[in-house]
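Heads up, the thing below is written out as structure tokens.
All of the numbers you see were taken from the coordinates with simple rules; none came from a lab. Bear in mind that the values here come from a model prediction, so they are computed numbers and not experimental data. Cβ: placed from backbone, ideal geometry, glycine included. Neighbour counts: every protein chain shown.
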Amino acid sequence: MNRAPLVSIITVVYNGERYLQQTINSVSNQTYKPIEYLIIDGASTDRTLDIIQDNKTKITKWISEPDQGLYDAMNKGIKLAKGELIGMINSDDWFEPNAVEVMVKAFLNNPTKTIFHANRYDIGPDNTRVIKKFNPSSFKFKYYGMTYHHPSMFIAKNEYKKHLYNIKLKAFSDYQFVLEAFLQTPQSFFYIDKTIVNYRLEGISAQMKIYNRLAEGYIARRNAEMSLVENLLSLIIRSIYFIFQKYFIK
């Protein structure tokens with residue numbers, strides 16, 4: 001590489017003692033080194049702060065204070081970040097060793113792009129690992145749900161100056177963020193066909209009731225300025241899918 005830009009990696013955590021050490025190790029063991037590592041803790045009451053203290057030489061900056069949820073903590077980290085490129089890795093996930101190197105190469109080779117994304121490994125409760133590739137269908141993304149893998153995304157600091165995450169949504173703010181960018185500047189995305197992150201299937205959205213998932217999806221699309229007709233079409237499609245899944249898929 002002719003240039004080695006600073007990359008900011010942000011971990012948001014609340015009572016994450018179970019997996020946090022693995023997450024920290026995955027950042028400190030990256031093959032690319034100009035990294036600042038920020039941990040944003042939501043005033044954890046378990047051993048999370050002990051783990052952070054034990055790893056303070058691997059962490060550039062950390063804060064621990066009450067917040068308004070996952071997306072509020074993400075926004076705090078973004079505002080503190082000094083890197084040209086920002087990646088998020090939650091406290092129950094971990095990067096592949098060359099994740100940052102792969103994304104920096106894409107960033108340097110594609111200066112007109114601001115949102116870089118790749119594939120992920122889905123980690124099941126029994127620790128099985130399955131590759132989840134990016135689905136390029138814009139129809140599925142707009143009308144059904146997230147086809148981009150947010151944990152794989154590295155986003156230019158300049159993109160975050162345009163918009164941050166909506167802290168009023170519990171689980172769909174990353175979808176709103178990506179949809180906003182997609183509807184406004186679809187040419188800003190760049191896909192790398194490599195698998196760079198391990199994602200445990202224990203997220204908030206998977207635990208939400210169907211009604212709440214439909215409601216948050218509708219709000220996210222409305223906030224992203226999708227047209228009313230398109231939003232209602234999405235609501236119908238998603239409702240039919242959930243009904244079919246509940247009563248016909250065993």
_Restricting to Cα pairs below 8 Å that are 6+ residues apart, what does the relative contact order work out to for region 93-237? Please round to a whole percent._
34
*Work out the count of Lys pairs in region 65-179 where the Cα-Cα distance is under 20 Å, with the pair 8 or more places apart or on different chains.*
24
*Please determine, in degrees from 0 to 90 and to the nearest 10, the orientation of helix 228-248 with respect to the longest principal axis defined by the Cα atoms of the chain, where the helix direction is its Cα long axis.*
90
*Degrees between helix 173-184 axis and first principal axis of the chain (Cα, 0 to 90, nearest 10)*: 70
_I need to check one value: relative contact order of region 7-205, counting alpha carbon pairs closer than 8 Å and at least 6 residues apart, in percent._
26
_Globularity index of region 50-131, i.e. its alpha-carbon radius of gyration over 2.2 N^0.38 Å_ = 1.30
*Taking the Cβ of Leu6 as the center, what net charge do the other residues with Cβ under 11 Å away carry, scoring Lys and Arg +1 and Asp and Glu -1?*
+2
_Could you compute the longest span of the chain free of GluC sites (Glu not before Pro) located in DSSP loops and having at most 13 other Cβ atoms within 10 Å, not counting the site residues?_
1-201
*When a/c is below 1.5 the answer is rounded, else prolate if a/b is larger than b/c, else oblate, so apply that to region 122-227 with a ≥ b ≥ c taken from the square roots of the Cα gyration tensor eigenvalues.*
oblate
*Calculate how steeply helix 210-223 sits against the longest principal axis of the alpha-carbon atoms of the chain, using the helix alpha-carbon long axis, and give the answer as 0 to 90 degrees to the nearest 10.*
80
*Take every DSSP beta bridge whose two residues both sit in the chain, then give the antiparallel share in percent to the nearest 5.*
30
